[in-house]
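Data first, discussion second: the structure below is written as structure tokens.
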Amino acid sequence: MFPTVAEVLALDVLRRGSPQVVAGSGGLQRPVRWVHISELADIAGMLHGGELVLTTGVMLPDDKESLARYIDGLADVGAAGLVVELGRRYADVLPRPLVRAAERRGLPLVALRTEVRFVAVTEAVHARVVDGQLTRLRASEAVHQIFNELSVEGAEPEEVVREVARMAGAPVVLENLSHQVLAFDPAGQDPEALLDGWERRSRGVHPAGRTGHDPRTGWLVTAVGARGRDWGRLVIVDEPAPGTGPEPGERPHRHSVLLERGAATLALNRLLERDRESLERQTHRTLLSGILTHALTVSDVALRARALGVPLEGRRLVGVMLRLRGGPASAALEAQARLRDFTETAGQAVRERGLTALTGTLDDGGVGVLVSLGPSDHEHTALEEFAAALTRLTEPAPDGGPAFVMAAGSSVGSLRDARRTLLEAAQVADAAMHGGRKAGTFYRLPDVRLRGLLHLLRDDARLQTYVERELGPLLAFDAEHGTDLVRILTVYLDAGRNKSAAADAAHLSRPSFYDRLHRVERVLGIDLDQVESCLSLHVALLALDAVRR
């Protein structure tokens with residue numbers, strides 16, 4: 001928004017004065033907030049910082065101590081620089097004490113060898129400042145308009161990231177709390193170079209505040225989340241070329257509004273529902289969502305469900321999650337249409353088998369079913385028959401296998417516990433999507449075990465926070481020192497804490513392996529002889545693997 005001292009000196013009105021920088025050339029990139037004309041020797045008390053002071057020097061003191069105090073006063077208040085016109089007080093050269101003091105404080109000191117109209121200088125610079133403010137205001141309005149449109153349209157994260165990168169003219173990355181990349185746009189740069197060692201590089205960037213600039217890397221970072229729960233970070237990777245850098249205080253501030261609006265759009269769109277369903281499916285989905293989010297009371301859900309012909313009180317309830325395998329790699333609208341059709345097919349299978357159930361989409365890739373069983377209904381048989389009917393009604397996957405994954409939670413005897421069985425089914429389905437195909441018709445919690453459970457929770461900020469708390473110091477140590485202590489710890493725990501077997505598996509001598517284990521203990525501040533510590537670390541390592549996958 002503000003021109004630099006160097007840019008001001010390049011203006012025609014000042015170039016006519018044959019300006020010569022005699023001291024403080026390292027400060028020529030300072031922004032000039034205003035131009036102040038004064039002949040007073042005690043002008044510093046009237047400044048606020050960022051001013052370029054113009055003077056003929058007629059009122060400056062003669063002794064070197066007073067000249068030094070004059071420069072110190074300007075530097076202390078944060079003046080952008082001092083311009084002295086030669087001819088009235090100083091004929092051909094500025095006093096050496098004045099030059100030495102300015103060089104010592106890094107304050108740009110400029111001598112004008114030809115007379116210029118100071119008022120013309122102020123008009124030219126102030127016009128630049130006002131134009132810059134108007135430009136920034138227009139840019140801010142454009143940012144708000146663009147991201148309002150993206151919010152209304154429910155844009156995908158890739159679209160939002162792409163727009164931020166376009167407007168910033170720099171690569172942009174969206175990451176989760178474990179520093180794993182969710183979406184990115186290289187802005188015309190090499191994507192491999194952008195993402196190479198991303199986790200290690202990102203772990204070293206800790207800006208102050210919710211939005212902050214890291215001067216070492218040039219990154220501008222802001223948190224992404226809503227309702228007090230952050231789930232990631234949005235980063236503008238503006239790494240300066242060797243020997244250059246962004247203008248102090250300029251580039252980060254220029255992009256912070258853009259970055260924060262992008263983050264707000266990402267957070268908002270994650271909360272929006274964008275599917276279009278039949279009225280029946282919408283009603284079912286509203287009830288299922290009300291159960292999961294506590295948006296509806298138990299009595300409200302029971303009343304509305306009963307009105308739909310789905311009694312839920314005094315019956316055994318089983319949550320079921322259905323997830324489509326694969327899915328089209330085409331437009332989001334086509335994927336939504338496929339999911340909508342699959343939801344209607346699931347409802348048809350429910351009716352065909354004579355089941356009583358709520359059926360509706362729960363997220364972008366899954367259909368939830370809350371099956372209500374009477375006293376004479378056999379749970380396993382009912383689920384098997386439903387799976388068989390749904391399989392018959394759906395087209396098989398391209399490889400000939402089932403087109404969907406079906407998972408069921410544990411049955412509960414109260415509507416108050418319906419949320420638990422639905423969440424369990426969703427968790428099992430998510431884990432089963434990444435495991436081998438089960439010979440049976442549906443999955444339950446014992447089928448996925450601990451690795452599957454951690455995999456399905458990989459996007460949960462609480463699990464990512466747990467991994468960072470348990471392994472963060474060790475991951476940071478490896479990243480900083482180029483060690484492999486995380487691998488050593490993994491080998492040791494996979495070997496059942498058998499140090500000899502672990503050393504052989506790591507292809508290290510026992511003394512060397514033991515030494516690395518001791519280093520792990522020092523970095524983490526734990527005792528590997530404690531079973532509970534090892535158990536906690538082993539779970540964290542499995543969770544880290546799930547997050548990285």
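So here's what we get for this one:
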| read-out | value |
| --- | --- |
| Some residue of the stretch 45-56 being touching a residue at least 60 places away in the same chain (Cβ under 8 Å), under 16 Å from residue 125 (Cβ atoms) and open to solvent by less than 40 Å² (accessible area, probe 1.4 Å) | yes |
| Test: residue in the stretch 223-237 that is open to solvent by 40 Å² or more (accessible area, probe 1.4 Å), more than 12 Å from the chain's Cα centre (by Cα) and over 21 Å from residue 462 (Cβ atoms) | no |
| Residue tally, condition in a loop (DSSP other than H, G, I, E, B) and farther than 23 Å from residue 413 by Cβ, over the stretch 357-393 | 2 |
| Selection within the stretch 517-549 - closer than 23 Å to residue 476 by Cβ, open to solvent by 70 Å² or more (accessible area, probe 1.4 Å) and not in a helix (DSSP H, G or I) | 530, 549 |
| Single match in 419, 458 (criterion: in a helix (DSSP H, G or I) and either among the charged types (D, E, K, R) or open to solvent by 50 Å² or more (accessible area, probe 1.4 Å) (or both)) | 419 |
| Qualifying residues in the stretch 436-454 (those that are assigned to a loop (DSSP other than H, G, I, E, B) and of a type outside the set (Ser, Thr, Tyr)) - the one modelled with the lowest pLDDT | 439 |
| Candidates 35, 22, filtered to the one that is among the β-branched types (Val, Ile, Thr), closer than 23 Å to residue 131 by Cβ and crowded, with 17+ Cβ neighbours inside 10 Å | 35 |
| The stretch 449-468 residues that are under 9 Å from residue 177 (Cα atoms), paired with ones that are outside any loop (DSSP other than H, G, I, E, B) and open to solvent by 20 Å² or more (accessible area, probe 1.4 Å) (beta carbon under 6 Å, 6 or more apart) | 461/231 |
| Selected residue (only one of 127, 91, 75 is under 21 Å from residue 31 (Cβ atoms), free of Cβ contacts under 8 Å to residues at least 12 places away in the same chain, among the small types (Gly, Ala, Ser) and out of contact with any strand residue (DSSP E or B) (no Cβ under 8 Å at 6 or more places or on another chain)) | 127 |
| Looking only at the stretch 218-236, and only at residues there that are touching a Gly at 6+ places or on another chain (Cβ under 8 Å) and closer than 14 Å to residue 170 by Cα, the one that is modelled with the lowest pLDDT | 218 |
| In the stretch 57-83, residue nearest to residue 18 (Cα to Cα) [restricted to those that are surrounded by 21 or more Cβ atoms within 10 Å (Cβ to Cβ) and within 49 Å of the chain's Cα centre (by Cα)] | 83 |
| Residue 44 vs. criteria in a helix (DSSP H, G or I) and in contact with an Asp or Glu (Cβ under 8 Å, 6 or more places away or on another chain) | yes |
| Restricting the stretch 173-190 to residues that are over 29 Å from residue 474 (Cβ atoms) and open to solvent by less than 60 Å² (accessible area, probe 1.4 Å), the residue that is nearest to the chain's Cα centre (by Cα) | 185 |
| Hits in the stretch 523-549 - residues which are at pLDDT 90 or above and among the small types (Gly, Ala, Ser) | 525, 533, 536, 540 |
| Any hit, the stretch 507-516, residues being surrounded by 18 or more Cβ atoms within 10 Å (Cβ to Cβ) and modelled with pLDDT of 90 or more | yes |
| Every pair of residues 6+ apart whose Cβ atoms lie under 7 Å, when the first sits in the stretch 321-348 and is part of a loop (DSSP other than H, G, I, E, B) and of a type in the set (Gly, Ala, Ser) while the second is open to solvent by 50 Å² or more (accessible area, probe 1.4 Å) and modelled with pLDDT of 75 or more | 327/338 |
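The values are calculated or read from the model by the stated rules, or taken from the named source; none is laboratory data. If you're wondering where the values come from, they're calculated on a predicted model, not measured in any experiment. So basically every Cβ, Gly included, is an ideal-geometry build from the backbone, and we count neighbours across all protein chains shown. Heads up: the accessible areas ignore ligands, DNA and RNA and are worked out on the full protein's heavy atoms, side chains in. Shrake-Rupley method; radii C 1.70, N 1.55, O 1.52, S 1.80 Å.
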